[in-house]
Each structure stands twice: as structure tokens, then as C-alpha cells.
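Structure first, commentary second.
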Amino acid sequence: MTAQHEWNARFEQFVARKTRAATSAPLLPLRTELDEPAQDAIAIGNAWSTQLFDGRFYVSPAHAGRPSCSLVFVQSLDGNTATPDPGLLGGGNTDKHLIYEGLSRVAADAVLAGAETVRGGEVMFSIWHPQLVDLRMSLGLPRHPIQIVATLRGLDLADSMLFNIPDVPVLLLTVAAAAEPMSRAIESRPWIRLLLMAEPADLRGAFERLQSIGICRISCVGGRTLAGHLLEAELIEDIYLTTGRVRGGEPGTPLSSSPWRGRTVVRKAGTGADEGVIFEHLLPRFRPDRLVK
Ligand SMILES: NC(=O)c1ccc[n+]([C@@H]2O[C@H](COP(=O)([O-])OP(=O)(O)OC[C@H]3O[C@@H](n4cnc5c(N)ncnc54)[C@H](OP(=O)(O)O)[C@@H]3O)[C@@H](O)[C@H]2O)c1
């Protein structure tokens, strides 16, 4: 079993590696093609992000009774999302460091991931570029978002860094049958809490309880199975979708197999080495089109 001081040291190295990657990657400004936010959109950014993103980034306010939730995805040119390494889908550095590990979650209380996106990898969903850390601090949020992991079969909590850092709270969104075998591991980790659903389809009920514990904004990082369930449950307000420059990914793995696209509110094009990359901020199909500013 890995000792706590070893997890802490591993996390320290992880933070250093992620920070180095974010600060050393050449980031290229995006070029705005469309900027028509919904009327209630909240604009976020600082001078650094606004220059690179070519404008403000928009998030939705929380609802009465449940948090607002966005999806952030990169897809290949031919529309696939599943891959062991999303970097291979051609979204580029600016997508990864400014949008994915940045603006899409900088204002989030929590990041939500499906168990398959977490299993087998060393992940922690946070903000790494110092400019984005500053932006998050200016919003009065804790250094790292709460990590919410959705699982129906349960996870080996002793096996993964994400569940072993006391300073980073975790919520397990699950059902009783999956929680039971994890109960001893949870007892010895007071920073992990259960968010139990009566059944897998009860995502809406779980979301309503999240707001009562202070989680008002969630960034869901996928994968497509969880994203599909959230779209079906009409729990998504915003979709941040980057389309990369290359074909690839596992064939037949679009963000969701059901129609989900509503109005595009923001569209940006990559520049320089990122020419061909497209970023879109979309509203889901079910969301009534809101008035534009
Ligand atoms: N392109 C991108 O932007 C992007 C983003 C994220 C992931 N990915 C890639 O996508 C792949 C993983 O995607 P995926 O669709 O296979 O899996 P996923 O959505 O990450 O995880 C699916 C798992 O989530 C749990 N789950 C699903 N619905 C749930 C619900 N209603 N309540 C509670 N838990 C629920 C289940 O966990 P159990 O397994 O425990 O039953 C299910 O097997 C990987 O290749 C990953 O690298 C790509």
C-alpha cells in the first residue's frame, strides 16, 4: 500500500510537471468568428486569457435548485472523442492549456468525470497555468476544484492519486451496490464523500443535492457515456467543443449518439500552427434559445 507521504510527494511532482507543461507550451491566440452569448451568460477572463482567447469566455449561472454544468470535449476532424490520449485528436496546445485545463474549469466548484476517464491513468482535474490560477484565486475559489467521479461498478480507491490527496476533496457519484465494497476505503479517507443515487437514472436528484453542499458550477470532462446521460437528463447548459485538425480516435465515438447540438454562441478559429482547429461554445438542443445580448 502506498503511504500518505508518498502520495503527497507524487502529487507535488504532478503539480510541478503540469505547471511546467502549461507554462512552456507555445500558446497561440484564437480568432473570433462569432460572439453572441446568451443573455444570462457570465463573462470571465483576465488580460492574459482575454488576449489569447480573443475575448471573454462565457459560463452559465447556477439555477435555482441545481448547479450549472458544462461539457468540455475535443473531437477529431471526423468527430470521434474516445482515445487513450485526447492530445492525438489534434486540438493543439492552446485548446489543452487555455480551454480544457483552463477557462472551462477556472470558475468551477467541481470537475466531474466518468469512471472510465479516470481508471488506469494518473489524473487530477485542476488548473495549472499561473495566470489561470490567479484568475481562479480572484474569483475566490479554492486552489483545486472538488473532484466528482461517477461510477456504477465502483473504483479501487487505493490505486489512484486522485483519491489519495487529503487537500483535494472527492465526491463519488454512485449507487449503494457500488458504494458498499468501497466503504472501508472511504472510512479511512475523510476527504472522500458519497453522493448516492437511488438508481443510475437519478442524476437530476443528485445534482439538486450538490447545490445544497455549495457546488454551484460543474465542469464535466466526459467521457461520452457520462456526457450522454447528462444531456438526456437535461443537466447541461453549455458545451465547449474543440474540433482538432486530424482524423482519428476510436471510430463511431461522437460526443453523444443522440442529436444534442443547439445554437452556437461562440466560434473561434485557431491561428498559426493551430490553423484548422475550431472552438465552439454551443447550447444543448433542449435548452430554449435564450435572448442574445
Ligand atoms: N475527447 C475528449 O474530450 C475526451 C474526454 C473524456 C474522455 N475521453 C476518452 O473517452 C474514453 C472514456 O469514455 P467512456 O464513454 O468510455 O467512459 P466515461 O463516460 O468516462 O465513463 C463511463 C462510466 O461512468 C460511470 N457512469 C456512467 N453513467 C453514470 C451514471 N448515470 N451514474 C454514475 N456513474 C455513471 C460508469 O462507471 P463504471 O464503469 O464504474 O460502471 C460508466 O462505465 C477514454 O478513451 C477517454 O480517454 C475523451
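The values are calculated or read from the model by the stated rules, or taken from the named source; none is laboratory data. Note that the structure is predicted; figures quoted are calculated from it, not measured. So basically every Cβ, Gly included, is an ideal-geometry build from the backbone, and we count neighbours across all protein chains shown. The protein model used for the area step is the full one, side chains on, heavy atoms only, and it has no ligands, DNA or RNA in it. Shrake-Rupley method; radii C 1.70, N 1.55, O 1.52, S 1.80 Å.
Per-structure values
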item	result
Only listed residue being of a type outside the set (F, W, Y), out of contact with any Cys (no Cβ under 9 Å at 6 or more places or on another chain), open to solvent by 30 Å² or more (accessible area, probe 1.4 Å) and within 15 Å of the ligand (Cβ to nearest atom), chosen from G65, G121, G90	G121
Per-region count, the stretch 125-172, residues out of contact with any helix residue (DSSP H, G or I) (no Cβ under 6 Å at 6 or more places or on another chain), in contact (Cβ under 8 Å) with a residue 40 or more places away in the chain and part of a strand (DSSP E or B)	3
Meets criteria (buried (at least 22 other Cβ atoms within 10 Å of the Cβ) and either closer than 21 Å to F14 by Cβ or of a type in the set (V, I, T) (or both)) for A110	yes
Criterion violated by L235 - all others in (1) within 10 Å of the ligand (Cβ to nearest atom); (2) modelled with pLDDT of 95 or more satisfied	(1)
Tally, over the stretch 56-76, of residues that are more than 25 Å from E36 (Cβ to Cβ) and at pLDDT 95 or above	1
Test: residue in the stretch 31-40 that is closer than 30 Å to P190 by Cβ, at pLDDT 95 or above and open to solvent by less than 50 Å² (accessible area, probe 1.4 Å)	no
Number of the condition not met by A273 [criteria: (1) within 14 Å of the ligand (Cβ to nearest atom); (2) out of contact with any Cys (no Cβ under 8 Å at 6 or more places or on another chain)]	(1)
Residue that is surrounded by the fewest Cβ atoms within 10 Å (Cβ to Cβ), among those in the stretch 221-237 that are of a type outside the set (D, E, K, R) and within 18 Å of A41 (Cα to Cα)	L235
Options T19, T81, T50; residue that is over 30 Å from P190 (Cβ atoms) and in contact (Cβ under 8 Å) with a residue 40 or more places away in the chain	T81
Selection from the stretch 159-169 of residues that are within 20 Å of the chain's Cα centre (by Cα) and within 14 Å of the ligand (Cβ to nearest atom)	S160, L162, F163
Test: residue in the stretch 198-211 that is without any contact (Cβ under 8 Å) to a residue 24 or more places away in the chain and open to solvent by 60 Å² or more (accessible area, probe 1.4 Å)	yes
Single residue of the stretch 238-257 satisfying the filter (within 14 Å of the ligand (Cβ to nearest atom) and more than 16 Å from L88 (Cβ to Cβ)) that is surrounded by the most Cβ atoms within 10 Å (Cβ to Cβ)	I239
